[in-house]
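Undergrad: Please see the structure below; I have some questions.
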Amino acid sequence: MSAWSTRSPHAWSVIAHALAAALIGVLEAVRLGSGTLAIALVPLFAAIGLAAGGVIAGIERMTVGRGRWPRAFAVAAASLLVTVPVAFTLFRGAYAQTLPLAGVLPYLTPIVIAIAIAVAVAIGRHLAAGDLTMRAIAIVGSAGLLGAIVWAKRRVLGTGYPEAQIGATLAVLVLAGMIVRLGRRVQVPAYVTAVVAALVVGTAAAAALQGFDRPEDRRVLANRAGHARDVVRMYRLLVDRDGDGSSALFGGGDCDDGDAARHPGAVDVPGDGVDQDCAGGDAVPPATVVAAPPSADAGAWLASAEVRGVLEGTRDMNVLLITIDALRYDMLAPDAPHRGDFPRLTKLLDSSVAFTRAFAPAAGTDIALSTLMTGRADPFQRVDVTLPEAIRATGRRTSSAIPNEVTRHVGEVLLKRGFDSLKPVYTDWEKDNIGDHLSSGTTTAEGLRSFDKAAGKPFFTWLHYFDVHEHHQLAVPKELRDAVWDGGSEKVHRYRALLWGVDRSIGRMLDDLAARGLADKTIIVFASDHGESLGDDPRLPATHGQLAYAPLVRIPIAFHIPGVAPGVRTDLVTLLDIAPTMLQLLGVPSAIAPLDGHDLVPALLDGPAELRPPANRALVIHEELQWSVVEWPYQLVMRPADDLVELYDLSTDPGATRDLAAAQPAITTRLRARYAEMPAVRVDRTAAGRAWREQQAQPPRRRARP
């Protein structure tokens, strides 16, 4: 009998794993509702099963005749190929660094997992060698473990930790193969395995080359978390030769996988003859615009008694900066449903000049607050003077109350520069980085203390409220829940209830400000750092970060200035604009140079259009998986790794749900070119990224006077 026709349980092992993985691929395609994706996904899943079955069969064949435990540990050792790289990415985040033994966990975790796998394999082999009942126990145990991994993947990993998601998916595929093997004891000829392998490899190669050519398929895959997305991400990572985050295969869109400067997310330098962003041609240079001096009418407006009177009045005022973490624009928008649930905040906004087209520079606090403090489009460059330092130089006493969790993630150096008093607000009494109690009352109390400590001296106080950010963790009191509309979902109800608590705390502070006779002497700047996901869009992460869709980056920004009439403005603005505006109001517009934002005083006073942000202003948003350009009313959203370009008209589609990229190619091309107008921003939320930001944020060394 030839070797090819010899029947072997090892040959069945390979086939069983390929069949099980292919079946999961079919189920994933059904879940995604795409026949074209099924054609690509099934062979890619089967190829993983084929590889896993081949490795396991090879180890088993080499260890024939060895004891149960040596064979079990030999099989478990193969898991290190996955668990070692996953562990090193899993424990690099800021939260992971707070865990006990954080320094050794990347090394310890793969060993612990390998030991657990060895024990499971040894027990499984013992059960599989017994009667039908024992085999059934092994199958049920394997199925239970598979279910536990799927549960942990959804509930523990959530929408983060992409490498760990991939590792969990691989574990599911291997376990599914083990269940098929346990279900039937079959011996097949080697040639059958060879035929199956050839079929799987051939179809997988075709899928790699053309399986994800349709943007519609890539969009479905990118926006629906699951095993399919993890598998395609893994393949793209494996074939990304230049490490730029995009691959030339599997629909990655990389037009030069040997040059890290050319990929779908790159900045395309106009007119250089090189297609850096793989869009199919070189970007067209923008028309040269020469800034004209203010017209006579604009000059007259700037010199008018009204404008001079306002600026003379604000020069000596106090400044209160109120920011609410993860507050979406649509919660307090003029047309928001049940807006009256938040009476103090809406009263503040209605007595302010509020901007209805305001955006954060990212969906994460690190970039957003750093931008606010520096007034720079790249907030991680070295800056000589920060906004609080410039304000302190005017003679004001500067104070802040910032959640400890914020400084842990953003960094301490930048957020402490320029403050005479910085009070940490602890949101996590029992366990680091896990919110377990309401903190808005503490934040307000620190604000009141800052008023006391100013002792009649002009002050700048920054209060950052955090309860809304913790809506997915905090136990929300019934009192808060009963005070607000439920919003149609449990998640929205919790969010709104916590915002009501913040509303009450801020109201108490505003009442105290008025009681002290300071209401007419204090500028109040109100903003959020970014938006939030509330379960209303399956594309969005569990909370925020990673992506740049409008609900995650559209925010409220408002200025309450004594003596300035309230109103609503439609200028396109960003957190970048707060620094130049505050400095202008305080009479020191040149205290920081250069600044990348616009002075909004002309907009606040409803001045001439030529002095306000231009109608064609473009804002750039940077996130981990996407970058975006907003040029009202359009928002371009680019997901480089998936070679996806999306375009939305936010004036008619504020939730960014109807993609216009195919229908409006000229607008898409123009906005992609505008991305090159702003500097790149490094988005790195690992412990190493935080350490780098801390170094960048160091104040300049002052030379000793001779």
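The values are calculated or read from the model by the stated rules, or taken from the named source; none is laboratory data. Keep in mind the model is a prediction, meaning the values are calculated, not measured. Positions of Cβ are generated from backbone atoms using ideal geometry, with glycine treated the same way; all protein chains shown enter the neighbour counts. The accessibility values were calculated without ligands, DNA or RNA, using every heavy atom of the protein model including side chains. Shrake-Rupley method; radii C 1.70, N 1.55, O 1.52, S 1.80 Å.
Undergrad: Apply the a/c threshold of 1.5 to the C-alpha gyration tensor of segment 125-255 and tell me whether it is rounded, prolate or oblate.
TA: Taking the square roots of the gyration eigenvalues as a ≥ b ≥ c, segment 125-255 is oblate.
Undergrad: Relative to the longest principal Cα axis of the chain, at what angle does helix 490-515 sit, 0 to 90 degrees, rounded to 10?
TA: Between the helix axis and the principal axis of the chain, the angle is about 20 degrees.
Undergrad: Taking segment 500-604 as the region of interest, what is the percent of Cα-Cα pairs per 5 angstrom bin, listed from the shortest bin to the one with the maximum distance?
TA: Pair shares across the bins are 2, 10, 16, 17, 17, 17, 12, 7, 3, 0.
Undergrad: Given Leu480, Val86, Leu671, which one lies farthest toward the positive end of the charge dipole of the chain, if we put +1 on the Cβ of every Lys and Arg and -1 on the Cβ of every Asp and Glu?
TA: Checking the options against the dipole of the chain, the answer is Val86.
Undergrad: Under a 1.4 Å probe, what is the accessible area of the chain per residue, stated in Å²?
TA: With all protein chains present, the chain gives 43 Å² per residue.
Undergrad: Still on this structure, please answer the following. Using the 2.2 N^0.38 Å rule of thumb for compact globular proteins, work out how segment 196-290 stacks up: its C-alpha Rg over that value, please.
TA: Compared with the compact-globule rule of thumb, segment 196-290 sits at 1.30.
Undergrad: For segment 213-316, what % of the accessible area comes from carbon and sulfur atoms, probe 1.4 Å?
TA: Ligands and nucleic acids excluded, carbon and sulfur reach 57 percent.
Undergrad: Enumerate the whole-percent occupancy of each 5 Å bin, from 0 to the last occupied one, for all C-alpha pair distances of segment 576-706.
TA: 2, 8, 13, 15, 15, 15, 13, 10, 5, 2, 1, 1, 0, 0
Undergrad: Going by Cα centres, segment 318-381 and segment 392-423 are how many Å apart?
TA: One Cα centre to the other: 19 Å.
Undergrad: Would you calculate the volume per residue, in Å³, of the smallest convex hull containing every Cα atom of the chain?
TA: 195
Undergrad: How high is the relative contact order of the chain, in percent, with contacts defined as C-alpha pairs under 8 Å that are six or more residues apart?
TA: Averaging sequence separation for qualifying contacts and normalising by length gives 15 percent for the chain.
Undergrad: Let me ask something additional. Taking +1 at the Cβ of each Lys and Arg and -1 at the Cβ of each Asp and Glu, which of Met509, Gly141, Gly567 sits farthest along the dipole of the chain towards its positive end, judged by Cα position relative to the Cα centre?
TA: Gly141
Undergrad: Something else now. Would you mind computing Rg(Cα) / (2.2 N^0.38 Å) for segment 244-350, counting N as its residues?
TA: Against the empirical 2.2 N^0.38 Å value, I get 1.93 for segment 244-350.
Undergrad: For segment 221-260, place one equal point scatterer on every Cα, skip the solvent, and apply the Debye formula. What is log10 of I(q)/I(0) at q = 0.22, 0.23, 0.30, 0.33 Å⁻¹?
TA: Calculated log10 I(q)/I(0) at the listed q: -0.63, -0.67, -0.95, -1.06.
Undergrad: Hey, another quick one. What pairs from Lys453/Lys521; Lys423/Lys491; Lys416/Lys491 go past 26 Å between their alpha carbons?
TA: Lys423/Lys491; Lys416/Lys491
Undergrad: Could you tell me what percent of the DSSP beta bridges with both partners in the chain are antiparallel, to the nearest 5?
TA: Within the chain, antiparallel bridges account for around 50 percent of the total.
Undergrad: Right, here's the next one. Give the aspartates and glutamates reachable from Lys347 as a straight Cα distance under 18 Å; neighbours fewer than 8 places away on the same chain don't count.
TA: Straight-distance partners of Lys347: Asp330, Asp335, Asp503, Asp511, Asp512, Asp520.
Undergrad: Right, here's the next one. Roughly how many nanometres apart are two label points built 7 Å out from the Cα toward the Cβ at Arg481 and Lys457?
TA: Roughly 4.7 nm, to one decimal.
Undergrad: Which value at 222 nm does the chain reach when only helices count, each DSSP H run of 4 or more adding -39,500 (n - 2.57), with the total divided by all residues and rounded to the nearest 500 deg cm²/dmol?
TA: Estimated from H runs of four or more residues: -14500 deg cm²/dmol.
Undergrad: When every alpha-carbon pair in segment 316-359 is counted, what percent end up more than 14 Å apart?
TA: When every Cα pair of segment 316-359 is considered, 55 percent fall beyond 14 Å.
Undergrad: At q = 0.13, 0.15, 0.25, 0.30 Å⁻¹, what log₁₀ I(q)/I(0) does a Debye calculation on the Cα points of segment 496-544 give, no solvent, two decimals?
TA: Each listed q corresponds, in turn, to -0.50, -0.60, -1.00, -1.12.
Undergrad: Putting +1 on Lys and Arg Cβ atoms and -1 on Asp and Glu Cβ atoms, find which of Ala207, Pro162, Pro189 reaches farthest to the positive end of the dipole of segment 136-217.
TA: Pro189
Undergrad: If you don't mind, there's one more thing I want to ask. Does anyone have the angle between helix 305-314 and the longest principal axis of the chain? Alpha-carbon axes, 0 to 90°, nearest 10?
TA: 70
Undergrad: So how far, in whole Å, is the C-alpha centre of segment 425-502 from the one of segment 612-654?
TA: If we compute the Cα centre of each part, the gap is 31 Å.
Undergrad: With r as the distance between the Cβ atoms of Asp511 and Glu430 and R0 = 45 Å, compute the FRET efficiency 1/(1 + (r/R0)^6) and round to 0.05.
TA: E between Glu430 and Asp511, to the nearest 0.05, is 0.90.
Undergrad: Rounded to the nearest 10 degrees, what's the angle between the helix 687-696 long axis and the longest principal axis of the chain, both from Cα atoms, 0 to 90?
TA: With rounding to tens, the tilt is 30 degrees.
Undergrad: Related question: If you roll a 1.4 angstrom probe over the protein chains with everything in place, what fraction of the accessible area of segment 599-706 belongs to carbon and sulfur, to the nearest %?
TA: Carbon and sulfur together cover 53 percent of it.
Undergrad: Within 15 Å, Cβ to Cβ, of Thr346, how many net charges do the neighbouring residues add up to if Lys/Arg are +1 and Asp/Glu are -1?
TA: Neighbourhood net charge equals +1.
Undergrad: Next up: Hey, any idea what % of segment 401-464's accessible area is carbon plus sulfur with a 1.4 Å probe?
TA: 49
Undergrad: Working out 0.36 nm times the residue gap between Asp213 and Arg658, then minus their Cα-Cα distance, what length gain in nm do you get to one decimal?
TA: Extending this stretch completely gives an extra 158.1 nm.
Undergrad: Right, next: With +1 on the Cβ of every Lys and Arg and -1 on the Cβ of every Asp and Glu, and nothing else charged, how large is the dipole of the chain about its Cα centre, in debye rounded to the nearest 20?
TA: In debye, rounded to 20, the chain gives about 2380.
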